[in-house]
Amino acid sequence: MMTSGLDASTVTEWEARVATERKRTGRPQGFPELPDIPGGRYNDRAFFDLERREMWQRCWLYAAHVDQLPEPGSFIVWHHGSAPILIIRGDDGEIRAFYNTCRHRGAPVARSDSGRAGAALVCGYHGWSYDRQGGLRAVSEQRDWQDIDPSCRGLVGVRCERYGNWIFVCEDLQAEPLQDFLAPISRYLNHLPLETLRLVDRREFTVQSNVKVLIDNFLEAYHFKLLHGGTTDRIFDNSGTSVHLWGNGHSMMLSPNRRDDWVDPGTIGMPEMANCTNIERNFNPSYNLFPNLIVPIAPSGIPCVAMWPKTLRTSAMEVLWFAPDWGDGPRDPLWDKRIANFDRIVDEDIQFAEPMQASVESPGLRSIPLSYQERRIYHWHVEVDRRIGPARVPTHLRVADELGAYVE
Ligand code: FES
Ligand SMILES: [Fe+2]
């Protein structure tokens, strides 16, 4: 069992922070006026390429839930890396990731986005076959390949590690272990039964906007009043939202329920996750596992939103639900309504993303000022530059590290 940082004293401290937020009349004394974020970070093609190469393609990224790979040979092909990545459960039950690229002449080894491989994955072009651990098993027409060393021709691996039932991949072979990367944030999640939560639902779609336009939206509650007047804003009191900044770009915002005794009527009768605290019950703790996994926890289940860049102007978005095991049989029919309710909130969120793409590409976008309550966005950008190496970011696009003293 990993250690939890969300112990009784932390719960009390976080509750007190919300109470302080509700009372404040300005930003805390000494908190700096944050410099504007340069607009080019949202529309400059060279910066997009730099960020993708040096940050996205070298960072640990959520890829799948173990329920998508139930048995040896189950695989998916994941499309949010530098190239298609095959994630497959081996004969030993381990889940591994490889570029979906045949070591002969580069054909895709798996031709569908999910399925179950038999004893071997056979490349459809010339018939090289790979075992379910990625090793080259046999080449066809062996008489022509007498000197080939199969041990050097296995599928090229990508880092693949698990946090609970969530599978993460990373294309940087030198990256720190996933557990170390997540440590500043996972300490507040480790008490939850992440090893046993099941995948309730997932849907993926394309949004016609830059990925940062989307991610920024999920890092602040400033938009609740106007975008979620009939939904989130009726439930949560944003005047009490407290913001927590942690290492490696991770962060959280904690919004209190408007009423202490409020329970989401759509969840009545659903089992609660083990070990929930007052934080999950009376607040909406919305975590961001840097860079792109938004995790707003509710006691009876976790809806997540993940976003990845596709092009400068398009993003992939996935909406996911995880919940305690419901045993045999289909999920509770209550889920349909609950998922639809959350989808409505997500639709409210992205209603601005697509029209914003044109307006952030406009000469009218000079720079982006961020308020005190939007400081998670600033923290996110600082981490991007830290990972790229600030000296490699063109001077006019840099974001200075002004928040160091506020990272807990
Ligand atoms: S490209 Fe796969 S066997 Fe030739
Ligand atoms: Fe929102």
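Couple of notes before you dig in:
- Of the residues 251, 140, 362, the one with the fewest other Cβ atoms within 10 Å heads the list, and the complete ranking is 362, 140, 251.
- No disulfide-compatible partner, judged by a Cβ distance under 4.7 Å, exists for the following cysteines of the chain: 59, 152, 160, 170, 276, 304.
- Listed residues 29, 357, 68, most fluctuating in the chain (Gaussian network, C-alpha, under 10 Å): 29
- Under the combined filter of DSSP loop state and at most 15 neighbouring Cβ atoms within 10 Å, the stretch 1-110 retains these GluC sites (Glu not before Pro): 33, 94.
- C-alpha center-to-center spacing [the stretch 3-24, the stretch 107-146] in angstrom: 54
- Gain on full stretching of the segment that runs from residue 145 to residue 172 - 0.36 nm per residue minus C-alpha separation: 6.5 nm
- Contour excess over end-to-end distance, with Cα ends at residue 222 and residue 162 and 0.36 nm allotted per residue: 18.3 nm
- For the chain: Kirkwood Rh in Å [reciprocal of mean 1/r, alpha carbons]: 22.8
- The GluC sites (Glu not before Pro) of the stretch 136-199 meeting both criteria, a DSSP state outside H, G, I, E and B (loop) and at most 13 other C-beta atoms within 10 angstrom of the site's C-beta, are 141, 195.
- Computed magnitude of the charge dipole of the stretch 61-163 (debye, nearest 20; Cβ of K, R +1, Cβ of D, E -1): 200
- Estimated FRET transfer efficiency when R0 is 22 angstrom, pair residue 239-residue 344 (beta carbons, to 0.05): 0.40
- Largest mean-square fluctuation among 294, 345, 268, in a Gaussian network model of the chain whose springs join Cα atoms under 10 Å apart, belongs to 268.
- Rounded to 10°, Cα long-axis angle of helix 8-23 versus longest principal axis of the chain: 50
- Look at 130, 125 and count the other Cβ atoms within 10 Å of each Cβ; fewest to most, that gives 125, 130.
- Net lengthening on full extension, residue 351/residue 116 (0.36 nm per residue, minus Cα-Cα): 80.9 nm
- GNM result for the chain, Cα springs below 10 Å: residue of 61, 370, 219 fluctuating most strongly: 370
- Calculated diffusion of the stretch 61-163, Stokes-Einstein form, Kirkwood radius summed over Cα pairs, 4 °C and 1.567 mPa s, µm²/s: 94
- The stretch 76-104 and the stretch 300-362 have Cα centres lying 25 Å from one another.
- Separation of the stretch 43-72 and the stretch 204-238, taken as the distance between their Cα centroids, equals 22 angstrom.
- Dipole moment magnitude, nearest 20 debye, the stretch 303-346 about Cα centre, only Lys, Arg, Asp, Glu C-beta charged: 340
- Ranked list, fewest to most other Cβ atoms within 10 Å of each Cβ, for 307, 356: 356, 307
Each value in this text was obtained by applying a stated rule to the coordinates, not by laboratory testing. As the structure is a prediction and not an experimental result, all values here were calculated from the model. Positions of Cβ are generated from backbone atoms using ideal geometry, with glycine treated the same way; all protein chains shown enter the neighbour counts.
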